[in-house]
1. Give the number of residues within the stretch 72-122 that are under 11 Å from the mean Cα position of the chain (by Cα), farther than 20 Å from Val184 by Cβ and among the aliphatic types (A, V, I, L, M).
2. Could you list, in sequence order, the residues of the stretch 1-29 that are assigned to a strand (DSSP E or B) and either of a type outside the set (A, V, I, L, M, F, W, C) or over 27 Å from the mean Cα position of the chain (by Cα) (or both)?
3. Could you tell me whether the stretch 67-84 includes any residue that is hydroxyl-bearing (Ser, Thr, Tyr) and either exposed (fewer than 12 other Cβ atoms within 10 Å of the Cβ) or in contact with a Lys or Arg (Cβ under 8 Å, 6 or more places away or on another chain) (or both)?
4. With the structure loaded, tell me whether Ala98 is part of a strand (DSSP E or B), crowded, with 19+ Cβ neighbours inside 10 Å and either without any contact (Cβ under 8 Å) to a residue 24 or more places away in the chain or aliphatic (A, V, I, L, M) (or both) or whether it fails that test.
5. Could you look through the stretch 129-175, keep only residues that are among the acidic types (Asp, Glu) and over 17 Å from Leu191 (Cβ atoms), and pick out the one that is most open to solvent (accessible area, probe 1.4 Å)?
6. In the stretch 30-66, what residues are part of a loop (DSSP other than H, G, I, E, B) and either open to solvent by less than 30 Å² (accessible area, probe 1.4 Å) or at positive phi (or both)?
7. Kindly establish whether Glu105 is of a type in the set (Asp, Glu), free of Cβ contacts under 8 Å to residues at least 60 places away in the same chain and assigned to a loop (DSSP other than H, G, I, E, B).
8. Starting from the stretch 136-154, keep only residues that are over 23 Å from Arg72 (Cβ atoms), then list their pairs with residues that are aromatic (Phe, Trp, Tyr) whose Cβ atoms are within a distance under 9 Å, requiring at least 6 positions of separation or different chains.
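The values are calculated or read from the model by the stated rules, or taken from the named source; none is laboratory data. From a predicted model like this one, the values you see are computed outputs, not experimental measurements. Please note: Cβ atoms are built from the backbone with ideal geometry, for glycine as well, and neighbour counts cover all protein chains shown. All accessible areas refer to the heavy atoms of the entire protein, side chains included, with ligands and DNA or RNA removed. Shrake-Rupley method; radii C 1.70, N 1.55, O 1.52, S 1.80 Å.
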Amino acid sequence: MTSKPIKDTDRTVTIEQHQTVFRGAIWDIQRDTFTIADTDDPMTREYIQHPGAVAIVAVDQQQRVVLINQYRHPVGQDCWEIPAGLCDVSGESQLGTAQRELAEETDLVAEDWSILIDHYPSSGSSTEAIRIFLAQDLRPVPQTRRHQRADEEAHLTIHRIPLDEVLEAILDGRVRNSNAVAGVMATHLVLNSGHQQRSTELS
């Protein structure tokens, strides 16, 4: 057993070939051939080159979580999710992206922000890294300044569900969005177990 705290760490490998095999509207597919050690036979892996994303667990004073219900075409379902979005605006900080996405998807702003967790939703197939924030002290965006939602977002609905009810739905397998699962469980620890969250000033 290691005496050091566990932590994901960087590793440099020998990349023999790197190519873009598909260029998409949102992300590309990369193919790398590489070796981890000199004695390895070369291995080839394909993965999504992703810009990264943020997600937000917004909780009101009654410990209700702001959820959206939105159609997701790859799984063919109306999915319960927390607000989230891509980090695809040049120069925008992760916190700035989270604040913008919360306003655009839920018509809310928050005065109190902290970092809940960072996670890789599928590290074997994508470079996607997601930071999940906890947002509290909520208030509505004025009606005249609200974002006009389009595409799938034009059909989403916004709900406030008690934290314990959302947690139960996750444990029962009724809510499966990875950001919602990770974020709501982390929020439950922070709000009910005294676990210390990180400042938004930390990287």
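1. 1
2. Taking the stretch 1-29 and keeping what is assigned to a strand (DSSP E or B), we get 14-23, 28-29.
Across the stretch 1-29, the qualifying residues are Thr14, Ile15, Glu16, Gln17, His18, Gln19, Thr20, Arg23, Asp28.
3. Within the stretch 67-84, the subset hydroxyl-bearing (Ser, Thr, Tyr) is 71.
This time we only want the ones that are either exposed (fewer than 12 other Cβ atoms within 10 Å of the Cβ) or in contact with a Lys or Arg (Cβ under 8 Å, 6 or more places away or on another chain) (or both), so: none.
Within the stretch 67-84 (the criterion being hydroxyl-bearing (Ser, Thr, Tyr) and either exposed (fewer than 12 other Cβ atoms within 10 Å of the Cβ) or in contact with a Lys or Arg (Cβ under 8 Å, 6 or more places away or on another chain) (or both)), the answer is no, since none of the residues qualifies.
4. Details: part of a strand (DSSP E or B): no; crowded, with 19+ Cβ neighbours inside 10 Å: yes; either without any contact (Cβ under 8 Å) to a residue 24 or more places away in the chain or aliphatic (A, V, I, L, M) (or both): yes.
Against the criterion (part of a strand (DSSP E or B), crowded, with 19+ Cβ neighbours inside 10 Å and either without any contact (Cβ under 8 Å) to a residue 24 or more places away in the chain or aliphatic (A, V, I, L, M) (or both)), Ala98 does not qualify.
5. Filtering the stretch 129-175 down to residues among the acidic types (Asp, Glu) leaves 137, 151-153, 164-165, 168, 172.
Now drop any that are not over 17 Å from Leu191 (Cβ atoms), which leaves 151-153, 172.
Numbers: Asp151: 121, Glu152: 89, Glu153: 47, Asp172: 95 Å².
Selected residue: Asp151.
6. The first filter runs over the stretch 30-66 and keeps only residues part of a loop (DSSP other than H, G, I, E, B), leaving 36-42, 50-52, 60-63.
His50, Gly52, Asp60, Gln63 - these are the residues of the stretch 30-66 that are part of a loop (DSSP other than H, G, I, E, B) and either open to solvent by less than 30 Å² (accessible area, probe 1.4 Å) or at positive phi (or both).
7. Numbers: of a type in the set (Asp, Glu): yes; free of Cβ contacts under 8 Å to residues at least 60 places away in the same chain: yes; assigned to a loop (DSSP other than H, G, I, E, B): no.
Here the answer is no, as Glu105 does not meet what is asked.
8. Here the result reads Gln136/Trp113, each pair linking the stretch 136-154 to a residue that is aromatic (Phe, Trp, Tyr).
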